[in-house]
Amino acid sequence: MRTRAAVLRDYNTPWSVEEIELDPPKRGEVLVKMVASGMCHSDEHAYDGHIAGLVPPPPMIGGHEGAGIVQEVGEGVDWLEPGDHVVFGFIPACGRCPSCADGHSNLCDLLATFTEGTQALDATHRHHTLDGKDLGLMCLIGTFAEHTVVNEASCIKVDKDWPLDKGCLLGCGVVTGWGSAVYTAEVEPGDYVAVVGCGGIGSNAIQGAKMAGARVIAAIDPVEFKREKAMEFGATHTFASMEEAQAALGDVTWDRGYDKVIMTMGTGDGDSLGEGFNLGGKRAKIVVTNLHSTTEGSISVPAIMLTMMEKQLRGSLFGSANIRKDIPRLFELYLAGQLNLDDLVTKTYTLDEINDGYEAMRNGENIRGVIVYD
Ligand code: CXF
Ligand code: ZN
């Protein structure tokens, strides 16, 4: 069939919204008509080449935070049928690999296929340009498309009454941020928490820290609008920079430092991580959720403090969460009024407006831009 998608034709060139050829689903695959897709910063990293080697090279279809309606299922898919509503997990969960079996499906072995962005079944492509070139898929899903074909391992079935234009955010940003606080940082009642970077991930780290009972949540971001939103999501203090936060450690943390520091900047870098590390106190967990460039080879951390203060540096992928447990769970928290998804969506766009959405991200105007399909 023919459909339309936003294709990255080359690094640092605007997303090309074009007709593509889409093959039918094979065994274990599903054809989905997209309803909505969040515009995460990681697609910007794919665009600018910061995570080259981790995601498919151009030409590729972007987007990894989406939800839609099943149109057709391939052979052997017996738990989904046309009409079912699904949210995609940006990391598939095969259920069979050691990580899945061990309860860490966010590290599913299918992650190894991210680099090529081919189908998990047979390492071939279902998406092609009209002149016959294969198109890789961001995170094996490619949600910047009106229709896509994905492996069933990426699908989470949700109730048909639940709003997919908000639920799409659960596929990456919301669970990643919330889980960074709740699971990776293990925020406890009374904790002093710093969240560095208050976009789509950081806003949800703040919500997670609040839900877990943090006493202080310091939101650190240079953009005033994001600091204002952070207060609405549950921050108790705001700072324009880590330097400012460092200067206020005496006032805010009795000079003890933060118990948890969660790094959720647009792009991480070694020096910033060092600054974040220094905000932590004794036994602090410093959580690295934001992506650093794949070419970065060092970080600036005073390693002596790993020993003398027992500080802990922890990485976090998808907030150490589990797509099958946490996507429905957070959707229910939203429906119960306990998690705010509505205010995460600053602006909606059509697929044709995708470059405007990313321009707004670069200008710090959006917490999340969301593409809504017809
Ligand atoms: C990233 C993780 C690395 C691959 C691309 C997606 N996470 C979420 O934004
Ligand atoms: Zn993402």
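The values are calculated or read from the model by the stated rules, or taken from the named source; none is laboratory data. Source: prediction; values computed, not measured. Neighbour counts are summed over all protein chains in view; Cβ atoms, including those assigned to glycine, are modelled from backbone coordinates with ideal geometry. Areas reflect the complete protein model, heavy atoms only, side chains present, ligands, DNA and RNA absent. Shrake-Rupley method; radii C 1.70, N 1.55, O 1.52, S 1.80 Å.
With respect to the conditions (1) under 27 Å from Asn355 (Cβ atoms); (2) without any contact (Cβ under 8 Å) to a residue 24 or more places away in the chain; (3) not β-branched (Val, Ile, Thr), Asp48 lacks only one, and its number is (2).
Per-residue answers, yes or no, for (1) free of Cβ contacts under 8 Å to residues at least 60 places away in the same chain; (2) within 16 Å of ligand 1 (Cβ to nearest atom); (3) not in a strand (DSSP E or B):
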{"position": "Arg283", "(1), (2), (3)": "yes, no, no"}
{"position": "Ser300", "(1), (2), (3)": "yes, no, yes"}
{"position": "Thr307", "(1), (2), (3)": "yes, no, yes"}
{"position": "Leu313", "(1), (2), (3)": "yes, no, no"}
{"position": "Gly319", "(1), (2), (3)": "no, yes, yes"}
{"position": "Pro328", "(1), (2), (3)": "no, no, yes"}
{"position": "Glu332", "(1), (2), (3)": "yes, no, yes"}
{"position": "Leu339", "(1), (2), (3)": "no, no, yes"}
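Regarding Gly200, is this residue outside the structural domain of Arg362 (by TED's automatic domain parsing), in a loop (DSSP other than H, G, I, E, B) and of a type outside the set (A, V, I, L, M)? Yes: the conditions hold for Gly200.
Within segment 49-79, the set of residues being more than 13 Å from ligand 2 (Cβ to nearest atom), closer than 21 Å to Leu130 by Cβ and either in a loop (DSSP other than H, G, I, E, B) or not assigned by TED's automatic domain parsing to the domain that holds Val30 (or both) comprises Pro56, Pro57, Pro58, Pro59. Tell me, which residue of segment 32-43 that is part of a strand (DSSP E or B) and surrounded by 21 or more Cβ atoms within 10 Å (Cβ to Cβ) is nearest to ligand 2 (Cβ to nearest atom)? Checked segment 32-43; the qualifying residue nearest to ligand 2 (Cβ to nearest atom) is Gly38. Look at Ala194 and say whether it is more than 16 Å from ligand 2 (Cβ to nearest atom), farther than 25 Å from Thr346 by Cα and either assigned to a loop (DSSP other than H, G, I, E, B) or modelled with pLDDT of 95 or more (or both). So Ala194 does not fit the description; no.
Taken as a whole, the structure places Val175 among residues that are within 16 Å of ligand 2 (Cβ to nearest atom) and in contact (Cβ under 8 Å) with a residue 40 or more places away in the chain. Within segment 237-255, the set of residues being surrounded by 14 or more Cβ atoms within 10 Å (Cβ to Cβ), more than 24 Å from the chain's Cα centre (by Cα) and not in a helix (DSSP H, G or I) comprises just one member, His237. From the list Ala145, Ala93, Ala120, Ala46, the one residue that fits, being within 23 Å of Glu19 (Cβ to Cβ), within 16 Å of ligand 1 (Cβ to nearest atom) and surrounded by 20 or more Cβ atoms within 10 Å (Cβ to Cβ), is Ala46. Say whether the condition of being crowded, with 22+ Cβ neighbours inside 10 Å and more than 16 Å from the chain's Cα centre (by Cα) is met by at least one residue in segment 296-315. Yes. Taking the criterion of being farther than 12 Å from Lys33 by Cα, out of contact with any helix residue (DSSP H, G or I) (no Cβ under 7 Å at 6 or more places or on another chain) and not acidic (Asp, Glu), the residues of segment 143-163 that qualify are Cys155, Lys157, Lys160, Pro163. Annotation note: of Glu224, Glu186, Glu228, the sole residue that is open to solvent by 20 Å² or more (accessible area, probe 1.4 Å), at positive phi and either within 16 Å of ligand 1 (Cβ to nearest atom) or out of contact with any Asp or Glu (no Cβ under 9 Å at 6 or more places or on another chain) (or both) is Glu186. Checking each residue in segment 100-110 for being farther than 27 Å from His128 by Cβ and either open to solvent by less than 30 Å² (accessible area, probe 1.4 Å) or among the aromatic types (Phe, Trp, Tyr) (or both) picks out Cys100, Ser105, Asn106.
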